[in-house]
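A short write-up of the structure that comes next.
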Amino acid sequence: MAPLEVIGAGCSRTGTDSLREALNMLGYNTHHMRSMLSGDGHPEVFEEAYKNPEKPTDWDWVYEGYTAAVDCPTISVIDQVLKHYPNAKVILTKRDADSWYKSVLNTIYTIHDWLPENAPDYYVRTRKMIKTIFLDGAFQDMEKFKNEPEIFKARYEAHNKWVLDNVPKDRLLILDLREGITWEKICPFLGKPVPSGPYPTSNSTKSLNEEFVHMRENLFK
């Protein structure tokens, strides 16, 4: 069973889906929230690990078949995952707190709460997990998230600071959306050749919302 070789430590809405796509293009198989929504990704295991970090979790079983992991739910148990995979390389994607909050508010803030009447059990459990663990329960009080943005911007900044303070510098690559993300920044860090095509750019606010409309109209029919 291959261990995780790369861990994306950046919060959702910091280019994590583009990073997922990029890592897959480089030969990794990358765990992402999309993995959780496309089938039973055992959300209760992530929720239990978040609530009771002192209890052992079989992370090799959770990530079976994957060689990289980015986005939620991994970022919510990042300390445990990094401890289990001490040789993994870590990529922190980030952006300024104001634009991050605006992006979350305009996308997953609304999308995550949608629950179709005929949703399968795994989807219901995944939604519950998100509400519990994303940024320490940021979506448990929707009005608070909307009306008290500084609280959640501070949590976002604290998450990034934890990564910077706890990941050895020789294993950490910091990618700031404001400076642009390119193959030339990622590939040397991972020891991979630079692909001929451009670095992927996916999951913009517009494209994610359009994808959600399509999903809402077609999922679970």
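For residues that are open to solvent by 50 Å² or more (accessible area, probe 1.4 Å) and part of a loop (DSSP other than H, G, I, E, B), scanning just the stretch 115-141, find the one that is modelled with the lowest pLDDT.
Checked the stretch 115-141; the qualifying residue modelled with the lowest pLDDT is Leu115.
Scanning the stretch 1-20 for residues that are at pLDDT 95 or above and assigned to a helix (DSSP H, G or I), which turns out nearest to Val163 (Cα to Cα)?
Leu19
Would you mind telling me which numbered condition in (1) among the hydroxyl-bearing types (Ser, Thr, Tyr); (2) under 17 Å from Thr182 (Cα atoms); (3) part of a helix (DSSP H, G or I) Thr93 fails?
(3)
Regarding Gly39, is this residue open to solvent by less than 60 Å² (accessible area, probe 1.4 Å), within 17 Å of Lys128 (Cα to Cα), of a type in the set (Gly, Ala, Ser) and outside any strand (DSSP E or B)?
yes
Within the stretch 17-29, which residues are open to solvent by 10 Å² or more (accessible area, probe 1.4 Å) and closer than 17 Å to Lys89 by Cβ?
Arg20, Asn24, Met25, Leu26, Gly27, Tyr28, Asn29
Can you find a residue that is touching a Leu at 6+ places or on another chain (Cβ under 8 Å) and among the aromatic types (Phe, Trp, Tyr) anywhere in the stretch 66-74?
yes
State yes or no: is Tyr199 of a type in the set (Ser, Thr, Tyr), outside any helix (DSSP H, G or I), touching a residue at least 12 places away in the same chain (Cβ under 8 Å) and buried (at least 16 other Cβ atoms within 10 Å of the Cβ)?
It is true that Tyr199 is of a type in the set (Ser, Thr, Tyr), outside any helix (DSSP H, G or I), touching a residue at least 12 places away in the same chain (Cβ under 8 Å) and buried (at least 16 other Cβ atoms within 10 Å of the Cβ).
If I filter the stretch 42-59 down to residues being surrounded by 14 or more Cβ atoms within 10 Å (Cβ to Cβ) and either free of Cβ contacts under 8 Å to residues at least 40 places away in the same chain or in contact with a His (Cβ under 9 Å, 6 or more places away or on another chain) (or both), which single residue comes out as nearest to Ser202 (Cα to Cα)?
Residue satisfying both the conditions and the ranking: His42.
Let me confirm something: among Lys144, Lys153, Lys185, Lys161, which residue is surrounded by 15 or more Cβ atoms within 10 Å (Cβ to Cβ), part of a helix (DSSP H, G or I), without any contact (Cβ under 8 Å) to a residue 24 or more places away in the chain and not aromatic (Phe, Trp, Tyr)?
Criteria check complete, one pass: Lys185.
Filter the stretch 168-182 down to the residues that are open to solvent by less than 70 Å² (accessible area, probe 1.4 Å) and farther than 20 Å from Leu23 by Cα and list them by number.
Pro168
Give the number of residues within the stretch 111-170 that are within 17 Å of the chain's Cα centre (by Cα), under 23 Å from Met36 (Cα atoms) and polar (S, T, N, Q).
So the answer is 2.
Tally up the residues in the stretch 68-110 that are of a type in the set (Asp, Glu) and either open to solvent by less than 10 Å² (accessible area, probe 1.4 Å) or under 18 Å from Ile186 (Cβ atoms) (or both), please.
Final tally of qualifying residues: 1.
The values are calculated or read from the model by the stated rules, or taken from the named source; none is laboratory data. Small disclaimer: the values here were computed from a predicted structure and weren't measured. When we count neighbours, we look across all protein chains shown, and the Cβ atoms used for this are built from the backbone with ideal geometry, even at glycine. The accessibility values were calculated without ligands, DNA or RNA, using every heavy atom of the protein model including side chains. Shrake-Rupley method; radii C 1.70, N 1.55, O 1.52, S 1.80 Å.
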